[in-house]
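**Q** Next up is a structure, given as structure tokens.
Read the figures in this text as sums done on the coordinates, not as results from a lab. It should be emphasised that the depicted structure is a prediction, and the values quoted were computed from it without experimental measurement. Here the Cβ is made from the backbone with ideal geometry for all residues, glycine too, and neighbour counts use every protein chain on show.
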Amino acid sequence: MKTGFKVVSVAFPSTLLMVLAVGLMEQTEPPPAKKVIILGIDGMDPGLLKRFADEGALPHFSKLMKDGDFKPLQTTMPPLSPVAWSTFITGTDPGGHAIFDFIHRDPKTLMPEFAMARTIPSDWTVNVGPWVIPLHSGRIELLRRGRAFWELLEEEGVPTTIFRIPSNFPPTSEGHALSGMGTPDILGTPGTFSFYTDQLTHETEDVSGGRLFRVSVQDSKVAADLLGPDNSFRKAGGKMAIPFEVLLDPVEPVARFLVQDHQFILKEGEWSDWVRVGFDALPHLVTVSAIGRFYLKQVRPTFKLYVTPLQINPEDPAVPISTPDDWSANLQKELGYFYTQELPEDTKAFSAGIFTPGEFWDQSQFVYRESRRALDYALRNFEEGLLFFYFSTVDQGCHMLWGYSDEKHPGFRRDANLAGSIRVLYQEMDEALGRVMQSVDDDTTLIVMSDHGFNPFYWEVNLNSWLVDKGYVKLKDLTQRDGVTLFQNVDWSGTQAYALGLNGLYVNLRGRESNGIVSQGAEYDQVLDRLEADLLAMQDPRNGNHPITLVTRTHRDLKGTNVASAPDLIIGYNRGYRSSWKSPLGEFPREVFLDNRDPWSGDHSVDYRLVPGILLSNRKISLDKPALYDLTVGVLDEYGVRKLPAMIGQDCLD
Amino acid sequence: MFGSKVKIDKNLMEKVKKYSKIAGYSSVDEFVTHALEKEVAKLEDAGSEEEIRERLKGLGYIS
């Protein structure tokens, strides 16, 4: 194995003796001079990029557009990050890589599941008293099919370093890779924050993406627990917990925190640094390590404490998050602790009203600064081969801050500090690009790309409710439209089709779905014909708009060998529309069309033609309309590596 | 005997008899029960509705 990345191991911490792990291997084999650096900026939109560049706000992007090339980059259908990045990774459409949404379903149980990875539990255990001890551990399986382009490069001796590319958990690489989108927090969720307050009616309350805990302030002291994962080692199960204490200054808005063997003091409005904690799963044998940051929002009159989702500790990861396994620990030594969960910007705390807009901005800037520091490190240590580096802040910021700059938005909020915040996020990327350009020499191909662009999210479509109105779904109880999730109110014996995930629509097919009623063959085709026509004719009675402009029939329109697991239809929403908040997990509210007033105000899960990504390079772009799968072939071609037969693109760089 | 009856293919039944002895089960019933328990446990590992909701709810795109 070759690597283009300097690996630093500290033999004796006090001596700082550094060993370049591969220096010796390279003596017998001259390194290839060719370098490729890819800056992957999730959600960067070509229209916004051009506008800010024309305004003179993005000098480095402007220079790259002038000296190199810039074109919109065709995304995937649906234009969702796990789907689009998987297409770039494999050079196939979703029919090839089998990621069709954030969520898919098990046709036997009709239960929604994450589409990117799944956990396979250990089969073999022994019971010792109250403990269940696995004889070998379970594992997590990446569900993305097809081969990653960097694996092909590695086979040809090209060193690779992949920082946080989505849809790569657990990471696959013979080089260096740190996993990104798809990586859970320590609870196994996409991120669950904790909020402790003495102003809560119930003992605990769940909100989307977080858990609220009622605490009491007694003698200027608060005692609470950090909630950990289920203890699978105990027969009785139950979640692990770490007690902690907060000692409040009786006068000043200041508190001392005692968390395991850590003590720190925070002022009101102050964040702690990362705090390492350990959950004892099996006494003296197994400890699950995690890290979190504490934000003392308010001391009095109401006590308010936010704790980030507890992260898999990169220093001692409970599940693999890097290749080689110990690379995340090496990164921690160099960079300090850092967010490891998939999309760390806490959009859920903002939507739940736990964060003010300003607090969300501050927290997302922590994420940006960690990434920016990692970019410096990556560039400093990059010597040869391929370097891919990913930023999430533009995507997450556009989701949450769109409503501050768009007066037509139903949820428009006037805030002088945030009106130009998206522009600032683009300027931060421009500064990062400037740093990357310092590392580009004549032998380096520079690529700046995004997976999709952005649209406003004005109106929600309860697609499942529309299916009820049109007779495709039969409900058991028409009076129970709200609050019953996961399709529990569906009478499958009278249901022809159902929507699941952000853009997926499935036929209730006999022989595939556990209670399927539509026969394969002519009846299936007739249902799809009727659905396609009805969906494209859908009209929003409030304004006369057609909310859907494209219906992809996967078995007709996608290539690849994994189409069988696809939704039967993928829905392309019109500009301004998106699937509702409730429909993707099988709820059926009465109203089909709603104004979106959530802080999550921008989106991209629409007709893919409306939200292309960006492609910039210091090479000329040879195709008029390059697509993500063309760029895969383009990167391989930089090293003279031929594409696989399953790859559907063509070289797009001169 | 009032227990449930299940039809099993003759060839499969022969294999079940053979392997239940090899694996040290005291009876075919015990072997079949254990095998079914393992399969059910696998399905249950897919998660209760509450667990599924908990796992998915942090995804930014859904509430």
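**Q** Under a straight-distance cross-link criterion of Cα-Cα below 17 Å, which lysines are reachable from A:Lys348, leaving out those fewer than 8 residues away in the same chain?
**A** A:Lys297, A:Lys304, A:Lys582, B:Lys57
**Q** Taking just the alpha carbons, could you work out the radius of gyration and Dmax for the protein assembly as shown, both in angstroms?
**A** Looking at the protein assembly as shown, its Cα Rg and Dmax stand at 26.5, 86 Å.
**Q** Can I ask one more? Please compute the length gained on full extension between A:Ala416 and A:Asp477, using 0.36 nm multiplied by the number of residues separating them and subtracting their Cα-Cα distance.
**A** 17.2 nm
**Q** Quick one: net charge of A:Lys620's neighbours, Cβ under 9 Å, K/R +1, D/E -1? If you can, show how the numbers build up before the last one.
**A** Numbers: positive: A:Arg619; negative: A:Asp69, A:Asp654.
Summing Lys/Arg as +1 and Asp/Glu as -1 gives -1.
**Q** Can you spot the lysines whose alpha carbon is less than 23 Å from A:Lys559's alpha carbon? Ignore those fewer than 8 places along the same chain.
**A** List returned: A:Lys625, A:Lys643.
**Q** While we're looking at this one, here's another question. Would you mind giving the average projected area, over all directions, of the Cα convex hull of region A:193-311 in nm² with one decimal?
**A** 7.9 nm²
**Q** What order do you get for B:Leu12, A:Leu585 when you list them from fewest to most C-beta neighbours inside 10 Å?
**A** B:Leu12, A:Leu585
**Q** In what order do A:Ser514, A:Ser86, A:Ser439 fall by count of nearby beta-carbon atoms within 10 Å, going from fewest to most? Write down the numbers at each step before the final one.
**A** Details: A:Ser514 11, A:Ser86 32, A:Ser439 16.
Least to most surrounded, the residues fall as A:Ser514, A:Ser439, A:Ser86.
**Q** Express in % the proportion of alpha carbon pairs of region A:448-589 at distances exceeding 25 Å.
**A** 28 percent
**Q** When a footprinting reagent is the concern and you count Cβ atoms within 10 Å, what order do A:Asp624, A:Asp469, A:Asp69 take, fewest first?
**A** Ascending number of Cβ neighbours within 10 Å: A:Asp624, A:Asp469, A:Asp69.
**Q** Next question. Kindly provide the helix-only [θ] at 222 nm of the protein assembly as shown, computed as the sum of -39,500 (n - 2.57) over DSSP H runs of four or more divided by all residues, to the nearest 500 deg cm²/dmol? Working shown, then result.
**A** Values: 17 runs with 182 residues, N = 717.
Computed ellipticity for the protein assembly as shown at 222 nm equals -7500 deg cm²/dmol.
**Q** At q = 0.14, 0.18, 0.19 Å⁻¹, what log₁₀ I(q)/I(0) does a Debye calculation on the Cα points of region A:503-654 give, no solvent, two decimals?
**A** These q points yield log10 I(q)/I(0) values of -0.91, -1.17, -1.22.
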